[in-house]
Every structure is written in C-alpha cells, then in structure tokens.
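Throughout, read-outs are computed from the coordinates displayed, never taken from laboratory work. Remember, predicted model here, so these are calculated numbers, not experimental data. Note that we place each Cβ from the backbone using ideal geometry, even for glycine, and neighbour counts take in every protein chain shown.
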Amino acid sequence: MRYLMTLALLSAGLALVQSTVSPTESALWRCRDSSGAELSGHTGADRAEEACSNRALASPGQALEMRPSSFGITATIPVATVSSPTPAPMPHPAPSSAGVPLSFNDPVYANVTSGASRITLPPGSSRTDLSIVENSGEPTIVCKGSCSLTRVRIQSREGVRCVSGNINLTWVYITATGVGSDHADGLQCYSPGSTGTVTVKNSTFKMAGATTAGYFSADNWQGSHVFENVLFEGGNHGLRIPADGGSSVSLKNVYFVRGSFRYGAYLFDAVNGRRINIEQWENVRWASWRGDELVLGDLIKQP
C-alpha cells in the first residue's frame, strides 16, 4: 500500500501531517502535548484539522500523531512552538504617599542603570533611570546648561553642580557625605553672573559630615529656584540661598526633618541689606521618621 504524505502548516503555526488512504481504511488523528497526553482526536482525513482544537493550539510544544487504524504505523511530528507574547516592560513602582523618594533604595529606582563615574552634561542633555556611586569629592553630575534628570540617584561627597539654563530634577535622590575639609552640597548653583531656573520636584537631599547645605546657591548666581514635593535632611542647613544666590525662591510641599540640621533647616542670608524674594511658601512643614515611615508635622512659618 502506498501512502502519500504531505506537510501542511496550519495558520496558528501547527505542523500537520495529512495522509491519503484507500476508502476502506480510516486514519486516527490525535493531537498530543509534550508529555504525550492526548488533547483531542478525530477519525478521518477530512477532519484532520479538527484534531487540534483551539485549546490545543494555545499550548506550546505540542506533537501531532497520525495512526492509520489498519496498520501499526505511527508518525509523531514536533509542532512549531507557539511563541509566548513578549512581556510588557516592568512599570515603575508607585511613588511614596509623601511624594518624595524615602531612601536610596526607594522602589522608584527599581529600573536604574548603575555607574561609578562622574559625568558632565552639555546643554540640552537629559538622563533617566541612572544610579551613580562615587567618592571623588568633585561634583558627580555637572549641568553645563539646560538639562533634565529624572529618576536619578547619587551617593557621593558632592552631588550636582548647576552652571546655567533651565535645569529640572524630578524624582532625584542625592545623599552626600563630606569628609575632611569638604564643604559638601547636595546641589550647588555656581557660576558668577550666570542665570537660569532650577526646578526640583519629588526629590530628596540627605546630607552628612562636612557639609554646607542640601541645596546651596551663592556668589552672584542670578537665577530662580523652584521646589515642589522636596525633602531635606541633615547638613549645616537643608536649604541655603543668600540674596546674591538668586532672584527668587518658591516652596510648595517642602519638608525638613526636625533635629537633623547642625544650624537650621534653612538660611536666606542678607547681602547688602536685602534677602532673596520668597515668591511662594505653601505647606512647608517639619517632618520626622517613624521607622521607615515619613511623618509630616507642624507647619513652618514663612520667614
């Protein structure tokens, strides 16, 4: 007896063997999974495609067995694996209820790429999902002009240096520890005569050791400073901007950890009899820690 075997591919990627037999013979078509368990089956070549149901096609690693009933012949053919859908990228974890990263290992940094080298960004640059740990004593990131940092964390002796332009920090965590004769800052605006706007949102500055402030601007830097949902902890001061360090400052939902500062939560130094213009002072509060939980406390009166 002669059998004519042809190979066909079903639309779902299943390899199927069709047989031509004499009218007196019937073929039993079975669809089996990789363990050999029978998923479905039909008798008759005209119903061969029904042997593998939709349920079977949904299972990768199947094999189709063709067995003419009048002969002891069995052909088992591996089926093309049905590709699993490409998994969607992991979403960024939900931020804390306080609107700031609570630690260097906050879940918002789950997808960062780690590095150990300082970087200098030319105007128009941006960095996202970046982690840098280094100990040079020089600024870890320098923004030479307008730049954006999003979901960036830094652990070093000196955090970010802003030169000029529109500089935006969003979900940034900076922990800086000064050593020896350092005057460490989490962020410092420094370039006499330069101007710009630094906007900090949903960010934390945590300082320790020989420091000046979490955020510091002085020496005739003439720009403006905007803070919204920002936490300051540690250092001589959390926020320090003398009158020659900018034209204006705005604070909304800004928190200072009580008892963590050497001299005071903030300092707006008078220069030539004037202080920086405070354009906004809204929901500025003390904060404290209860274990890993940030607890917001009393309002701080505008100076």
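Quick rundown of the values:
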| quantity | calculated |
| --- | --- |
| For the range 228-238, 3J(HN,Hα) per residue [Karplus equation, 6.51 cos²θ - 1.76 cosθ + 1.60, θ = phi - 60°, Hz, x = Gly/Pro] | 9, 6, 10, 10, 10, 8, x, x, 4, 9, x |
| Antiparallel bridges, percent of DSSP beta bridges restricted to the range 152-303 (to nearest 5) | 10 |
| Chain lengthening between Asn272 and Ser247 when straightened (0.36 nm per residue, less Cα-Cα) | 7.6 nm |
| Global form of the range 107-299, assessed from the alpha-carbon gyration tensor, a/c cut-off 1.5 | rounded |
| Leu299-Val142 FRET efficiency (beta carbon distance; Förster radius 30 Å; 0.05 resolution) | 0.25 |
| Percent of Cα-Cα distances greater than 20 Å, calculated over the range 133-212 | 27 |
| Burial ranking of peptide ranges 140-147, 124-131, 174-181, 271-278 (average Cβ count within 10 Å, highest at the top) | 140-147, 174-181, 124-131, 271-278 |
| The range 107-299, relative contact order in percent, only Cα pairs under 8 angstrom and at least six apart counted | 13 |
| Surrounding net charge for Lys144, when Lys and Arg each add one and Asp and Glu each subtract one, Cβ distance under 14 Å | +3 |
| Amide N proximity, the range 221-249 versus Arg262 label position 7 Å along Cα-to-Cβ, cut-off under 17 Å | 233-241 |
| Contour minus Cα-Cα distance for Val179 and Ser117 (0.36 nm per residue) | 20.4 nm |
| Quotient of C-alpha Rg and 2.2 N^0.38 Å, computed over the range 196-300 | 1.03 |
